[in-house]
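Enquirer: Pasting in a structure now, in structure tokens, and then I'll have a few things to ask.
The values are calculated or read from the model by the stated rules, or taken from the named source; none is laboratory data. It should be emphasised that the depicted structure is a prediction, and the values quoted were computed from it without experimental measurement. Here Cβ is always computed from backbone atoms with ideal geometry, including for glycine, and neighbour counts include all displayed protein chains. Just the protein is used for accessible areas: all its heavy atoms, side chains included, with ligands, DNA and RNA removed. Shrake-Rupley method; radii C 1.70, N 1.55, O 1.52, S 1.80 Å.
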Amino acid sequence: MKNISVADLSIGNDRPLTLIAGPCQLESLDHARMIAGQMKEACAKYGAQYVFKASYDKANRTSLSGKRGLGVDEGLKVLQTIAKEFDIPVLTDVHTEAQCAVAAEAVDILQIPAFLCRQTDMLLAAGKTGKAVNIKKGQFLAPWDMANVVAKVESTGNTNILLTERGTSFGYNTLVADMRSLPQMAQGGYPVVMDATHSVQQPGGKGGSTGGQREFAPLMARAAVSLGIASVFIETHEDPDNAPSDGPNMIYLDQMPKLIETLMRFDALAKADPIRI
């Protein structure tokens, strides 16, 4: 079983739970500060490790008219500021090979979006940066298919890899989360992550935008953490219904402290008696 080092954190399936959380897309420095501050405080209170996440560009919006974010230059400056001011690691998505090296100068974890998880050149570019790489399992892949994805990043000499479950396509505008995928991916030895909010998406469910079932996101998080995993990925916002993207599946920021407290209880139980497959 591999543990990976990210800044001062050690992330692994047998380590205390890491929460990867923040808004779907960056809106402003002040907004990022507000969420990062509250999340860091809640995680510290309940013993969770914390990584701030936010996207500088939402390149896979349902509609051409969807808001995409601050852009690479401004967005990476915001992420660097958050990392420095709050002394926390930060994660962001990359969407092209060229963005990998640029983003690696500013963040601790590069995230490969699910739609791009089989793009060989993207994976190689991310791996060559030496930064930790979080790969979201494509909605079209079986969990065991991720072994081939991992091998591409490993070929660069980079073994700082996390694997994220974010649901599997199950008919039109619908995803289903198979909890068996978490221990199955963990058999490869790498830390696994449950994306609790994207797994309750309804892709394109509103025609010009994505829908979601926010009420089920805490359930997904609790179920996944009870299995004994490295991390939970959660998007959160103080006013999700008026957020620029992914509002229907983001959790209200003021609900996060209680959820973190609950998840840490599940995590302690799971880590004390690990599941063996």
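Enquirer: Show PHE216, PHE115, PHE86 ordered by accessible area, largest first, where the area counts protein heavy atoms only and the probe is 1.4 Å.
Expert: From most exposed to least exposed: PHE115, PHE216, PHE86.
Enquirer: Moving on to the next point. Rounded, prolate or oblate, given the Cα gyration tensor of region 1-129, with a/c below 1.5 counting as rounded?
Expert: Here region 1-129 falls in the oblate category.
Enquirer: Based on the alpha-carbon gyration tensor of the chain and its eigenvalue square roots a ≥ b ≥ c, which shape applies: rounded if a/c is under 1.5, prolate if not and a/b is larger than b/c, or oblate?
Expert: rounded
Enquirer: Give me the Debye-computed log₁₀ of I(q)/I(0) at q = 0.23, 0.27, 0.31 Å⁻¹ for region 113-162, equal point scatterers on Cα only, no solvent, two decimals.
Expert: Treating every Cα as an identical point scatterer, log10 I(q)/I(0) equals -0.75, -1.02, -1.30.
Enquirer: Add +1 for every Lys or Arg and -1 for every Asp or Glu among the other residues with Cβ under 15 Å from the Cβ of LYS45, and state the total.
Expert: So the surrounding residues net to -1.
Enquirer: For the pairs LYS77/LYS128; LYS45/LYS77; LYS128/LYS258; LYS136/LYS271; LYS128/LYS271; LYS77/LYS136, note any where the Cα-Cα span goes beyond 30 Å.
Expert: Too far apart for the 30 Å limit: LYS128/LYS258; LYS128/LYS271.
Enquirer: Also, quick follow-up: Given a 1.4 Å probe and every protein chain left where it sits, what share in percent of the accessible area of region 21-166 is carbon and sulfur?
Expert: That fraction is 49 percent.
Enquirer: Then there's this: At 1.4 Å probe radius, can you tell me the per residue accessible area of region 61-195 in Å²?
Expert: Accessible surface, normalised per residue, equals 44 Å².
Enquirer: Calculate the dipole size of the chain relative to its Cα centre from +1 charges on Lys and Arg beta carbons and -1 charges on Asp and Glu beta carbons; express the result in debye to the nearest 20.
Expert: So the magnitude is around 560 debye.
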